Each structure stands twice: as structure tokens, then as C-alpha cells.
Amino acid sequence: MEKMSFNFHMPTKVVFEEGAAESLVKHVKGTSLLMMCDPFFYKNGSAQKVAEATHIEKVVFFSEIEPNPSCQTVDRAAEIARSNHVDVVIGLGGGSAMDASKMAACLINNEGSIFDYYSTGDKVLKPRDAQLICIPTTAGTGSEVTNIGVYTNKETGIKMPFASEYFWPDIALIDPELTHTMPSHITASTGMDAFTHAIEAYWSVNSNPISDALSISVIKTILENIETACKEPTHSAARKNMAFASVAAGISFSQTKTTGIHAVSFPLTTDFGASHGLACSITLPAFIKLAYNGRKDKMDALFAMLGYDCVDAFINRVEAIMEAINLPTRLSALNIKESDLKKIVEVSMKAPLIHFTPVKVDEDILYDLLKSIL
Ligand SMILES: [Fe+2]
């Protein structure tokens, strides 16, 4: 019999409750708060409401976070946090706000800039002193339960993930009510981002029995709920189920990392303006077909559990859902031409994640995959 051996480490406390954001005072430990959020949540007053719920009097807001947060933005937030002696950082928003909050919180007591630690930087982060609380307002990125942040160097345009044991938030506070204002197209793209987290974790060469159990549950939940969540934004059951799927998928891929889909998503966001979820979902059906070859037994078991008799039946269902929620499955939707593929392949192959795909992916294989969905 094959031996079973794995590690599972997820130190973040998960608080999942409708209305949870209103009872933040129970969770915060500090006297000076930096509230980092998407501009939308500052303008509509949500960030202020969440900050009030902490009962902390000294609050600084930082709402300049752009999609695909830049290293330069993170450095600015850290500087503000240092000068205000911040000891609690809240990241409220989608993946961008939460990712930015992870690095900014660490930089408060780590001297210098993000560039000293990230990419080719040679300094090593010391343990973070400030409390870090991540509160997602979308259901997809799972950043609230991972130790990964993705940052873009504005000067070079290069987007790379960075992982640190000090990036695990102390608390992931999931309040499905916060997702009710999310527009349909963001519900669709972020929801399918969570789907790719779950399925990539499932087929990843790093998968383990706990991540598998989470992934199976997520895949089923998203297939059953994403259309309703997109079409009926205040449908509480669908929103609650999608919020659960997002956090469970995040916990799953926090253990396994993602694979080829996410590796290819990086150039699609930086060079072709796709949102992260769109950049992931657009290659999803093609990657299911490819990864299936490396995981036939395991994927067949998944399809059987979900009621599909073969890989094509599953792919057809995924494509039908994507069509129903207006997500493209052809690269032409991003104005990508055959002449762009070489560069996309080159950049994607540099991401170490590509090698966690359960089949060998080389430049030719990836080129052919992308060409098949032009
Ligand atoms: Fe993702």
C-alpha cells in the first residue's frame, strides 16, 4: 500500500459569520489602526464603518490601492503606518487590498523598502509585530487565508508572488454580507478564480488529502452557486456558499500552491489588462484537458462524485457556466493574437508554479495550448 505523508499548516484564525464585520472589537488587539482598502470602500463609507467597529480611536485610512498592487504603493502605505506607530493593520477588499496589507504590516518593523526583501532583495523579513486582519469583500482570491502576496514593480511591469510565514493574517474575517454589493462581472471572475484555486490544488503535484477534501467541496459548491450569485446579488444563500467556497479554496491552495493556470495569468493581467479572475478562468477549460492526462484516476474520481461521466462532460459544464456568467474562453476576447503568444509563453515559463501542473509543461506544449484557444 502506498504510504501517506503530508504536512498541513494554516495558522490563521477564520471567523465566518454574517455581520461579523460589525463585531470586530472582539478581535482587535491594538491602539493605532491602518485601514487599507480599495478606493470604492472608502468612497461608499464601508471602510469607515468597519474601522468604527474596531473601537480604535486612532485610525489612518489608506485607500490608494490599485488592482495588481504595486511595490511602490506598498512602500507608501508602510511609511504612513510607521509614522503613525500603527499596531493593527486591516486589509479590506479584494486580493489587491489584502495582499498590500500583508507586506505593509510586515514593513512596519522591518526597515527599508519592499524591494529589499522581494524578488532580488537580499534582506530576510523578521516576524511581524502588528496584528493583521484580512476582510474579503469579494468571494474568490482567498488571500485572507494564504501567506502569499502578489506585487507588481511599476517600473518594470513585472508581477511576481512573494511568500512569507509572516504573511499569514492573524484573523481572516469573512462576512458574506460584504459581498452583496459586488457587481455581477466581479462575482463571476472572482468566483471562477476560487474555482481555479480548488481545481489546481486538486491536481497539483503538491496536493494532500485535506486539500483534496476542501477542493472537492469547493468545486461542487461553485458549480451549484455561481450563476445564482451573479444573477441575484442579494441571494444570501448563494453569497454565503460562494464566500465559503472562496475561503475553503484559499486554505486548499495555501498548502499546495497553484499551477499552470496561475502562471499564465500573470502576463495576461500585466500585458493585456485582464482582471486576475478573468486571466485565470480564460485558460481553465484548456488546462483541465491538459492536466487530466497527468491525473486521470484522481480526476475521474472527482467527475464521478459530481455526476459527470467523462472529462469532456465536465469541461462542457464549466464552459456552459462561463458562458452564462459572461466569461470568455477565447484569448481573442483580450485582443491576444498569435504573434503575442511567444512572449506570454516566455513570461509564464518563468513562474515556478508552472511546474506544479501534473503533466510536463514546456514552451511548445504551452504555446499549443494557448494557440488552441485563440
Ligand atoms: Fe487566484
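Coordinate-derived values only; no laboratory data. Just so you know, these numbers come straight off a predicted model, no measurement behind them. In this analysis, Cβ positions are derived from the backbone assuming ideal geometry, glycine residues included, and neighbour counts consider all displayed protein chains.
So here's what we get for this one:
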quantity	calculated
Pair-distance profile P(r), taking every C-alpha pair of the stretch 236-291, with 5 angstrom steps and integer %	4, 17, 19, 21, 22, 12, 3, 0
Largest-first principal axis extents, alpha carbons of the chain, Å	57, 48, 44
Set of the stretch 76-105 residues, backbone N closer than 18 Å to the point 7 Å along the Cα-Cβ line of residue 120	none
Set 3/220; 13/296; 26/231; 289/337; 154/220 screened for pairs whose C-alpha atoms are more than 31 Å apart	13/296; 26/231; 154/220
Under-5 Å amide H pairs with residue 32, H placed in peptide plane, nonlocal only	87, 88
Whole-percent pair-distance distribution, where bins are 5 Å wide, for the alpha carbons of the stretch 1-139	2, 10, 19, 22, 19, 12, 7, 4, 2, 2, 1, 0
Contour minus Cα-Cα distance for residue 72 and residue 335 (0.36 nm per residue)	91.8 nm
Per-residue Cβ neighbour rank within 10 angstrom, fewest leading, 193, 340, 364, 116	364, 116, 340, 193
Estimated [θ] at 222 nm from DSSP helical runs (n ≥ 4, -39500 (n - 2.57)) normalised by residues in the chain, nearest 500	-15000 deg cm²/dmol
Sequence of 203, 168 once ranked by neighbouring C-beta atoms within 10 Å, starting from the fewest	168, 203
Debye intensity ratio I(q)/I(0), log10, the stretch 267-342, q values 0.15, 0.25 Å⁻¹ (C-alpha model)	-0.60, -1.13
DSSP bridge orientation in the chain - percent antiparallel, rounded to nearest 5	20 percent
Packing rank of 346-356, 216-226, where each peptide gets the mean count of other beta carbons within 10 Å, highest leading	216-226, 346-356
Percentage of interatomic Cα-Cα distances in the stretch 176-335 larger than 21 Å	41 percent
The stretch 177-235 - Debye-derived log10 I(q)/I(0), Cα point model, q = 0.18, 0.20, 0.25, 0.29 Å⁻¹	-0.63, -0.72, -0.93, -1.10
The stretch 72-206: projected area of the alpha-carbon convex hull, averaged over directions, in nm²	9.1 nm²
Taking the chain and dividing mean pair separation by its residue count, relative contact order in percent (alpha carbons under 8 Å, at least six apart)	15 percent
Extended-chain gain in nm, criterion 0.36 nm per residue less alpha-carbon gap, residue 154 and residue 7	49.3 nm
For 281, 46, 339, order by how many other beta-carbon atoms lie within 10 Å, fewest first	339, 46, 281
Cross-link reach list, aspartates and glutamates versus residue 371, counting only Cα pairs under 16 Å and skipping chain neighbours closer than eight places	338, 340, 346, 362, 363
Nearby aspartates and glutamates by direct alpha-carbon distance to residue 159 (threshold 12 angstrom, same-chain neighbours under 8 apart not counted)	271
